[in-house]
Every structure is written in structure tokens, then in C-alpha cells.
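The values are calculated or read from the model by the stated rules, or taken from the named source; none is laboratory data. Fair warning: this is a prediction, and the values are worked out from it, not measured in the lab. A quick note on method: Cβ atoms are made from the backbone with ideal geometry, for glycine too, and the neighbour counts reach across all protein chains shown. We work out accessible area using only protein heavy atoms, side chains counted, and drop any ligands, DNA or RNA first. Shrake-Rupley method; radii C 1.70, N 1.55, O 1.52, S 1.80 Å.
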Protein chains: 2
Amino acid sequence: MKLASLKQGRDGRLVVVSSDLAWYADAGHIVPTLQAALDDWDQHEGPLRNLATDLDHEVIPRERFHERDAAAPLPRAYQWADGSAYVNHVALVRQARGAEMPETFWHDPLMYQGGSDGFLGPRDPIPLADERWGCDLEAEVVVVTGDVPQGVSRDEALASIRLIGLTNDVSLRNLIPGELAKGFGFFQSKPASAFSPVFVTPDALGDWWRDGKLHRKVMVDLNGQPFGRAEAGEDMTFDFGTLIAHAAKTRALGAGTIIGSGTVSNRDATGGPGKPIAQGGVGYSCLAEVRTVETILNGKPETPFLKAGDTVRIWAEDDRHHPIFGVIEQTVGG
Amino acid sequence: MKLASLKQGRDGRLVVVSSDLAWYADAGHIVPTLQAALDDWDQHEGPLRNLATDLDHEVIPRERFHERDAAAPLPRAYQWADGSAYVNHVALVRQARGAEMPETFWHDPLMYQGGSDGFLGPRDPIPLADERWGCDLEAEVVVVTGDVPQGVSRDEALASIRLIGLTNDVSLRNLIPGELAKGFGFFQSKPASAFSPVFVTPDALGDWWRDGKLHRKVMVDLNGQPFGRAEAGEDMTFDFGTLIAHAAKTRALGAGTIIGSGTVSNRDATGGPGKPIAQGGVGYSCLAEVRTVETILNGKPETPFLKAGDTVRIWAEDDRHHPIFGVIEQTVGG
């Protein structure tokens, strides 16, 4: 089942989207918003799935689904907690600035509490008041949970996953060092994130969803050129079950909690820094990583951060190259 | 006007509470929840105020208001961002562990993104799975904003404040050093916070609300003994307008954003560490501060963190010693 929220009010209008993303059926007679569906999932899941089946069988009225009409599936949420599960990425960033990475980073997940009061839709421009802030994209996988009790195991956490999608976790890199030095985590350096047009249930992914990981490439184009093709199922040190259990160690998580993987990143086959796609590598899922590799190789970064007019595309494909979650496609500074 | 949410479902049932906190009138015919009221404040504020006036004039049906029936006014919220505006507190904590405090801390607010997916009601027990986590109370002032555009001035930020209340920002002190060392801020060390039974509009506070600060003592009792009587209007380095403007520097804030002051803390008249109430001081608003003072004076902390069965009371009074926001009264480990 694939779910989207068409732009309407603060919380959107819930629709069920066909498997091929071409059509939608309004779900308002079942439940008005995705948050409301997640609040009472046991009650609403069955009727929503029936609607999705009817839509795919073309036995009910349907409308054309335009991704540009979609808000983030949860236009606002009660919780957005973002991990940093591709530890390879963290190790590279540390290497570039000559900082040692604690060995515990391989065992104890990094996670920050993100702002969730307003997300960007998949086609919304990235607002950027000042290019000197060093605006970066971050292509990530996300899951949405039901209610998660405090102290759950990894397996229980995996069973709480309701939906899977993608995000562009926008970061203001030049504000991060100052904020981290203060010790209170990210705040100003993490403006609103954008999400894929649809979120899908785990079963809809078949074998692409296993071991708490999405086994598809996360595709990133920058200004129309291939920039990242990293395999989300590889080099993910902490699967989503582990990330959720980490988040729930000391407190319960409310239904509709969004948990992020952190920037998807693959180790290079040679063990060295990852190569650009043009040089046969899998590229990068954020600018910070290519700048890090440039710093390691050449002593300084060359790729600039995002500026007004730059375009970012983030998606994942099925075997016929059709987007699974739709496409995040944003222009900076609109 | 004073507003509360009686326990019901995930978001409570909005009621208007009389000025003396003795009575309530259901507001469901105007708007069902406080979040919905804040989402369309211009539309709902007038009718809610009329209801409050009618309630105080005893011209409508009314029910007894029992604080034990209240959830947090926002039982869950889209944003909880907590400052650390009493820099004196930060300086003391740093002094105790021999760490220098950067001079910028006096000019650039500290703020962390807190979890907002589920808050505790004013009489709810503080869940604590492991006493070794070092559970602490933190008595703070909070404000709730309307929509705040990115880049607002302090004055615009002040005008966005809809409601004022108190919180017990529960902290797990022994988990904080490890989390801060990882650089991603607090996560596991900040379980659910509790809030005062009612939130009130700024006008209802009269002269007690000025310059973006609450000019009343925040009263804290621990196990029935006076523990803190700090004046919230004093030594607050950053007023709420400054805190909100800081939060909105790089992104808009959604309606219903809760901004916290951080632990209320007064400098001692002598310039030294603050004294306990029994020794003529104003006491403390968290255990970490008294432990810090003990460390400075005696080389090590003596006051233990919270354990099962401990009780915490947090409130503020009018001139006749009646609680303004009701009373947070929690028992640990229930």
C-alpha cells in the first residue's frame, strides 16, 4: 500500500496511491489524515488496504496522481529523530578534519532530535535566506512507527514499522561546527526536511525490505547530473530496528514517529574514499561527503554547497526504473 | 484566560478554566483541542475569551476543575525547544566540573530540540526504568507560540506568544555526558516532560509578564520540603523573545511550538554559589545545581538524584499564595 497527503490545510488530505503512482483514490471517508490513520492503525489499516486493492484493480473512481500536488506524507509530525547509521560516512567526515572517531560509534548509534513542526513537500523549494550558511542535501531512508513502548527489543521495534520512505534532510553545514561546540546538538543547522511523495508499507517492498534495511539504491541527481547511487542496504551499521530501540531506550515513542537512517553512504570497494559516479564510483548522498573526499585527496574541498537555483533529485527505483516512493525534486531558494 | 486539556484520547479535551482554577467549562463547541485552537487562533481566541468571561461571571454551566484530571495542556506537540536562558546555572555547572564557559554563552542562547510526541500530565508519575540513570527534575517557564516566520525580530517573536506555563523537564543526568560527547545533543537523556495543569494568556498575568519574562517565583518542593524559590524574572539572560528569534533564525516555527526557559536559577546575593532555602538562600530548581554547589564547596555532591517514591512539586503563586498555573505534582517511578 502506498499513501500520500495532498496539499490541504496543515495536515494534508490522505489518499491511497496506485502501485505505479499514476492514480489516487481519496481516503477521506476512512480517515482524513495520515497522522489520524497512524493514531488508530489497527482500525484503519484494513479499510485503507481494501481501497488500495480496489484502486489497483481499477474498480473505483480514481484521479490522476501528480507528485507536485503532494505535501510531505506527514506535513508535520510529533517526532522526527534522525540517526547516522552509515558509520562509514561519519568516519570519513572525521578523517577529513583530522579527528579520531571513537570506537563506540560502531556500537552505539548516533541520533539527534529533529524539528518536526513543518516539513517540505517533495516539490517545494528549499528556502535559504543566506548562502553562507552552507546549505547541503542529505538523501536518507526513513521509517514511520506506530506506538513504541519504552525499552523495546530490536525485533519488537521492527514490528512497529508502519511505513517507509525517503527524505532530503536539509542541513546548514557552516552553522554545524558552532552549534556542536555548544554541546546542545543541532538546531539552527537543521531547517525543514522534505519527504518523498508517498510512504509505503513494508509488504509493498517485498524482498527489498529485509533485516530492517531498504535494499535499493538511493539515487541522487544534482543539477541534472548523476551524483549518488549508493546502495541503502549496504554498509548500514545500524538497521532500523536497532535505531528505533535506541530511540525508545528511556521513553516511549508516539505513533507517527519518523526515524531517519542518516545520509546513505557506501564504502569504496578499494577501502579508500568513495569515487564520483563519473569515475566509476557510487557517488555521494550529500555534498559534505564529496567535500570530505576532496579534502582527503587534495587538501581542500572543491564542490560548493547549494546556491539559489540548484536542483536536487532524490528517488529509488524498481527493476523497471520506476520510482518506488515518487521523486523528491527541489530547487534551492525559491 | 486559562486553558487546560482534560485527559481524553491522544490530544485531550479543551476546557476553559476559571481564574481561581476552581471551575471549568467545556470548550468543545468552539474547538475540540488546544492544538486546533492554536492552529486557528484568530478564529477561536474571541469565542474562547467570551467563554472564560462567562465562566468567571458564573453565567454558564460549570464543572469542578480537578488538576488530577488534566493532561498536559498540549498532550503532544509538534515542537518542544528548550533554551538555557539562566546562564548563571550553566556557569555553575561548568565551574563544578572545572570546565571554562565560553564568553559567547552570554550572547548566543543555548537551545536543544526536545521530544514532543508525548508529554506527562501534571499529576502523572515520572516513569523511571533505572535509577542509575540519575533522574533529575528541572523547573522551568514555557511559552507557546503561534506561527512564527523565519527570521523574526525579538519584538515580533514576543507578539507571537499565545500562552505561558510551567514545566518539569525531566532529565537523566548520568546519560548526559555520554550523549554530549557524541555531539548530537540530548536524546535518551531527555524523557517526557510534564507541564502545569493550565496554560494562561499573557494578559492574564498582568504586570507579572513583562520584557518577555515571567516575574514570579518558581516554587519547588522536594519530598514535602521547600527546595527552590528562584525568581524567574531575575538573572534570565535571554528573554523569551530572544529565545524564539533564536529558534526561528533559519526556519519558521509552527503554531503550538513550546519554548522553554531552561532551569530557573538565581545568582546568590554574595556572588558565590546559591544557598539552600534552610540557609536563607533561594534554593534550586534542579538537583544538578545543588550537587554542583556541593561539589564546589565540599569536593563532591551529596544530594542524591530522584528515586522511586520521591515527590516533586512545582508551581508559581499569586499574591494570595494561590497557584497561577496549577501545580505540577509528581511521584517518581509510579
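All told, A:Gly185 falls short of being open to solvent by 10 Å² or more (accessible area, probe 1.4 Å) and in the same structural domain as A:Asp235 (by the TED database). The set of residues in the stretch A:49-64 that are under 15 Å from A:Val200 (Cα atoms) and in contact (Cβ under 8 Å) with a residue 40 or more places away in the chain comprises A:Arg49, A:Ala52. Apart from one condition, A:Val218 fits all of (1) within 14 Å of another protein chain (Cβ to nearest Cβ); (2) under 30 Å from A:Arg68 (Cα atoms); (3) among the β-branched types (Val, Ile, Thr); the exception is (1).
Within the stretch A:49-59, the set of residues being open to solvent by less than 40 Å² (accessible area, probe 1.4 Å) and either among the hydroxyl-bearing types (Ser, Thr, Tyr) or farther than 15 Å from A:Val198 by Cα (or both) comprises A:Leu51, A:Leu55. Look at (1) within 22 Å of the chain's Cα centre (by Cα); (2) open to solvent by less than 70 Å² (accessible area, probe 1.4 Å); (3) more than 21 Å from B:Asp203 (Cα to Cα) and you find that B:Arg10 fails only one, number (2). Residues that are surrounded by 24 or more Cβ atoms within 10 Å (Cβ to Cβ), within 12 Å of chain B (Cβ to nearest Cβ) and touching a helix residue (DSSP H, G or I) at 6+ places or on another chain (Cβ under 9 Å) within the stretch A:116-143 comprise just one, A:Cys135. Residues of the stretch A:241-256 that are closer than 23 Å to A:His215 by Cβ and either open to solvent by 10 Å² or more (accessible area, probe 1.4 Å) or within 12 Å of another protein chain (Cβ to nearest Cβ) (or both): A:Thr242, A:Leu243, A:Ala245, A:His246, A:Ala247. The numbered conditions (1) touching a Pro at 6+ places or on another chain (Cβ under 9 Å); (2) open to solvent by less than 20 Å² (accessible area, probe 1.4 Å); (3) acidic (Asp, Glu) are all true for A:Asp82 except (1).
Inspect all residues belonging to the stretch A:223-231 and state whether any of them is part of a strand (DSSP E or B), among the acidic types (Asp, Glu) and surrounded by fewer than 24 Cβ atoms within 10 Å (Cβ to Cβ). Yes: the stretch A:223-231 contains one or more residues that are part of a strand (DSSP E or B), among the acidic types (Asp, Glu) and surrounded by fewer than 24 Cβ atoms within 10 Å (Cβ to Cβ).
Of the residues B:Gly28, B:Gly46, B:Gly9, B:Gly83, only one is without any contact (Cβ under 8 Å) to a residue 24 or more places away in the chain and within 21 Å of B:Ala192 (Cβ to Cβ); which? First the steps, then the outcome.
Values: B:Gly28 fails: within 21 Å of B:Ala192 (Cβ to Cβ); B:Gly46 fails: within 21 Å of B:Ala192 (Cβ to Cβ); B:Gly83 fails: without any contact (Cβ under 8 Å) to a residue 24 or more places away in the chain.
Just one listed residue meets the conditions, B:Gly9.
Considering B:Tyr86, B:Tyr78, the condition of being away from chain A (no Cβ under 13 Å), hydroxyl-bearing (Ser, Thr, Tyr) and out of contact with any helix residue (DSSP H, G or I) (no Cβ under 7 Å at 6 or more places or on another chain) is satisfied by B:Tyr86 alone.
Checking A:Pro226, A:Pro304, A:Pro273 one by one, the residue that is closer than 26 Å to A:Pro125 by Cα and touching a residue at least 24 places away in the same chain (Cβ under 8 Å) is A:Pro226 and no other.
Figure legend. Inter-residue proximity from the stretch B:101-113: first residues within 7 Å of chain A (Cβ to nearest Cβ), second residues in a helix (DSSP H, G or I), beta-carbon distance below 8 Å, spacing 6+ or different chains. Indicated pairs: B:Leu110/A:Lys182; B:Leu110/B:Val90; B:Met111/B:Leu243; B:Met111/B:His246; B:Met111/B:Ala247.
Which residue, of A:Asp20, A:Asp69, A:Asp42, is surrounded by 15 or more Cβ atoms within 10 Å (Cβ to Cβ) and of a type in the set (Asp, Glu)? Spell out the reasoning first.
Working: A:Asp20 fails: surrounded by 15 or more Cβ atoms within 10 Å (Cβ to Cβ); A:Asp42 fails: surrounded by 15 or more Cβ atoms within 10 Å (Cβ to Cβ).
Residue meeting the stated conditions: A:Asp69.
Could you grab me the full set of residues in the stretch B:153-200 that are within 11 Å of the chain's Cα centre (by Cα) and within 14 Å of another protein chain (Cβ to nearest Cβ)? Quick ask: steps written out before the conclusion?
Start the filter on the stretch B:153-200 by keeping residues that are within 11 Å of the chain's Cα centre (by Cα), which leaves B:164-170, B:193-196, B:199.
Of everything in the stretch B:153-200, those that are within 11 Å of the chain's Cα centre (by Cα) and within 14 Å of another protein chain (Cβ to nearest Cβ) turn out to be B:Asp169, B:Val170, B:Ser193, B:Ala194.
Here B:Arg123, B:Arg162, B:Arg132 are screened, and the one residue that is farther than 19 Å from B:Thr292 by Cβ and in a strand (DSSP E or B) is B:Arg162. Within the stretch A:39-69, the residues that satisfy the criterion of being within 14 Å of chain B (Cβ to nearest Cβ) and either in contact with a Gly (Cβ under 9 Å, 6 or more places away or on another chain) or closer than 30 Å to A:Trp106 by Cα (or both) are A:Asp39, A:Trp41.
For the structure I just gave you, tell me whether A:Glu156 is surrounded by fewer than 24 Cβ atoms within 10 Å (Cβ to Cβ) and either assigned by the TED database to the domain that holds A:Ser285 or within 16 Å of A:Ala77 (Cβ to Cβ) (or both). If you could, list the steps in order and put the result at the bottom.
Values: surrounded by fewer than 24 Cβ atoms within 10 Å (Cβ to Cβ): yes; either assigned by the TED database to the domain that holds A:Ser285 or within 16 Å of A:Ala77 (Cβ to Cβ) (or both): yes.
Yes.
Select from the stretch A:190-201 the residues that are polar (S, T, N, Q) and buried (at least 22 other Cβ atoms within 10 Å of the Cβ) and list them in ascending order. Let's see the steps before the verdict.
Looking only at the stretch A:190-201, we keep the residues that are polar (S, T, N, Q), and these are A:193, A:196, A:201.
Correct list: A:Ser193, A:Ser196.
For B:Ala72, state whether it is in contact (Cβ under 8 Å) with a residue 12 or more places away in the chain and more than 10 Å from chain A (Cβ to nearest Cβ). The answer is yes for B:Ala72.
Residues checked against (1) modelled with pLDDT under 95; (2) surrounded by 22 or more Cβ atoms within 10 Å (Cβ to Cβ):
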site: B:Ile259; (1), (2): no, yes
site: B:Ala278; (1), (2): yes, no
site: B:Ile314; (1), (2): no, yes
site: B:His322; (1), (2): no, no
site: B:Gln330; (1), (2): no, yes
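Of the residues that sit in the stretch B:211-222 and are in a loop (DSSP other than H, G, I, E, B) and in contact with a helix residue (DSSP H, G or I) (Cβ under 8 Å, 6 or more places away or on another chain), which one is nearest to B:Pro149 (Cα to Cα)? Among residues in the stretch B:211-222 that are in a loop (DSSP other than H, G, I, E, B) and in contact with a helix residue (DSSP H, G or I) (Cβ under 8 Å, 6 or more places away or on another chain), the one nearest to B:Pro149 (Cα to Cα) is B:Gly212.
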